[in-house]
Amino acid sequence: MGDVPINTGVCSDVLVRAFRKAGIDLQQEVHEDMKRAWNEYPQRWGLSEPDPNIDHRRVLNLMKYFERAGKSVPITDEPDDYLPGDVVAWDLGGGTYHIGMVTNMLSETQRECLIVHNIGAGTRVEDVLLNWTIKGHYRFFR
């Protein structure tokens, strides 16, 4: 299925693996949707058509896919609004976006769910939900 090794990758690879375990192939789903609606997807990579090898690994493409699939839910600063399995996308600044998934594990304060993500140091589960500007909140599994 074209995945990079489990000990490498980027933030989107965490989602791709999680969705595959749930029986959803984001690589195929995103590619097929991009073929249907190419002009609705971000065009910042200079491609003239979808690329099934990389499109599903780009945060902005995942955000557009979830939006087009009707999976957007309101963005809030209230941790209780984010449920296990939800996908969250953040703007880290400077045009850099990040994506992760809400887990069912609680922070030390028991106030918010922890996030599984990869921000350059491998896959981790951390208390980072409100650390950056949230730009997308998606509920695919409910």
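Rounded to the nearest 500, what is the chain's calculated 222 nm mean residue ellipticity when only DSSP H runs of at least 4 contribute -39500 (n - 2.57) each, over all residues? Intermediate results must be reported in sequence, preceding the final value.
Numbers: 3 runs with 32 residues, N = 142.
Value at 222 nm, helices only, nearest 500: -7000 deg cm²/dmol.
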### Task
Round to the nearest 10 and give me the degree value, 0 to 90, for the angle of helix 11-21's Cα axis relative to the longest principal axis of the chain.
90 degrees
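In debye, nearest 20, what is the charge dipole magnitude of the chain about its Cα centre with +1 on Lys and Arg Cβ and -1 on Asp and Glu Cβ, if you could check? Before the final figure, lay out the partial values.
Numbers: 16 positive and 21 negative charges, 64 e Å.
Its charge dipole is roughly 300 debye.
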### Task
Per residue of the range 37-45, in order, report the coupling 6.51 cos²θ - 1.76 cosθ + 1.60 (Karplus, θ = phi - 60°) as ³J(HN,Hα) in whole Hz, putting x for Gly and Pro.
9, 3, 6, 7, 8, x, 10, 8, 10
### Summary
Going residue by residue through the range 53-70, the Karplus relation 6.51 cos²θ - 1.76 cosθ + 1.60 with θ = phi - 60° gives ³J(HN,Hα) values, rounded to whole Hz and with x marking Gly or Pro, of 7, 9, 4, 6, 9, 9, 4, 4, 5, 4, 4, 5, 4, 4, 4, 5, 7, x
### Query
List the aspartates and glutamates whose alpha-carbon lies under 14 Å from that of K64, not counting same-chain residues fewer than 8 positions away?
E29, E32, D33, E40, D55
### Summary
Along the range 97-105, Karplus-curve 3J(HN,Hα) (6.51, -1.76, 1.60; θ = phi - 60°) to the nearest Hz, with x for Gly and Pro, reads 10, 9, 9, x, 10, 6, 9, 9, 8
#### Entry: Furthest towards positive pole of dipole, G9, Q110, T123, structure part the chain, Cβ charges
G9
### Query
Taking only the alpha-carbon positions of the chain and ignoring solvent, what does the Debye formula give for the base-10 log of I(q)/I(0) at q = 0.12 Å⁻¹?
-0.46
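FYI, it's all coordinate maths here, none of it is from the lab. Being a predicted model, the structure only gives us computed values, none of them experimental. Neighbour counts are summed over all protein chains in view; Cβ atoms, including those assigned to glycine, are modelled from backbone coordinates with ideal geometry.
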